[in-house]
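> Just passing along the structure, written as structure tokens.
Any read-out appearing in this document is the output of simple, stated calculations on the displayed coordinates, not a laboratory observation. These numbers were taken from a predicted model, which means no experiment stands behind them. Note that we place each Cβ from the backbone using ideal geometry, even for glycine, and neighbour counts take in every protein chain shown.
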Amino acid sequence: MDRESELALVERVRAGEAAAFDTVHAAFNARLYGFLARLARSRDIAEDLLEETWLRFVAHAGQLHADTRLGPWLFTVARNVHITWCRSRAMESRTAASLDLWPVPVPSESPFERTAGNELAQRLERALASLSVDAREVLLLVGVEGMTPSEAAGVCGVSPEAMRQRLKRARVLLADRLAESEARPLVHLREVKP
Amino acid sequence: MTMVESPDPLLAELARLTAPEPAAAHSARVLARCHAVLAERGQPRAARPPLTRRRRLVDGALAIAVAVYGLMTIAEALRIASRLP
């Protein structure tokens, strides 16, 4: 989507045009879902967060600036929705742990590991899922979404220089995890008696 | 959104990862909810019902009473002020 089309679309969204909203939804729904699913490491949670993201978009559509860039705006909202969810989950975990009623959930493996098409993609998904949220979101925004570090900095609310540093560290961590996974075979062959 | 001009092979591999898709039923449900919100936002606010004759009379009487009370208060204040040494 070129900038002129985007500006025209923003104007229509501001006016509350449903067709314009559908266009934005079609352009960003899968991308936002991928971002949220990899951040939350769960498809079900990602669907809930995605719904919240779109509802916030609709609620604030009339207040968008005429020069709003839809991509960074939507990813910022999605990231904030995820942060809010993380905070509420942390509170629930702490409460549950202090009450000793429920076990604190242990992060499970990413659902994408199982669906990744090839071995490298599978390793990459696993390595990505093993990183901290901070490192993951940087790699998702710049690596997967193709944002510039400056755009990603805007989404995460940090300076471009800080984002470049975060990207550098996250990239090193990802490479390390990937190298570790290469040492461990993904498929374990077991002997079968004839 | 502009692409990062970086030859970094690791970031390039990330860009090639298969994007997961949300369930079609979920997307349809979210779209419907958003359309409902948009439709609600687009509706003009209910117009104020026109005042009835009786209501206008009551409003007028109240306005006259307030005005009379105000005038009497001012007159009383002036009277007391004139008596002060």
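> Please work out the Cα convex hull volume for segment A:1-91 and give it in Å³ per residue.
87
> Give me the one-decimal nm value for the distance between modelled label points at B:Ile74 and B:Arg29, 7 Å along each residue's Cα-to-Cβ direction.
Taking the two extended label points, one gets 6.7 nm.
> Two-decimal Rg/Rh of segment A:1-51 from alpha-carbon positions, Kirkwood Rh?
With Rg and the Kirkwood Rh in hand, the quotient comes to 1.10.
> Then there is this: Which whole number gives the average count of other chain Cβ atoms within 10 Å of the Cβ atoms across peptide B:78-85?
Across the residues of B:78-85, the mean count of other-chain Cβ atoms within 10 Å is 0.
> Can you pull the mean other chain C-beta count within 10 Å for peptide A:162-173?
Mean shielding by partner chains, rounded to a whole number: 1.
> Give me a single rounded figure for A:138-148: the average over its residues of other chain Cβ atoms within 10 Å of their Cβ. If you can, show how the numbers build up before the last one.
Details: counts 0, 3, 2, 1, 7, 11, 6, 5, 7, 4, 6.
Neighbouring Cβ atoms belonging to other protein chains average 5 per residue here.
> Could you give the length gained on full extension between A:Ala179 and A:Ser132, defined as 0.36 nm per residue of separation minus the Cα-Cα distance, in nm? Provide the component values of the computation, followed by the final result.
Numbers: separation 47, 0.36 × 47 = 16.92 nm, distance 1.73 nm.
This chain segment gains 15.2 nm when fully extended.
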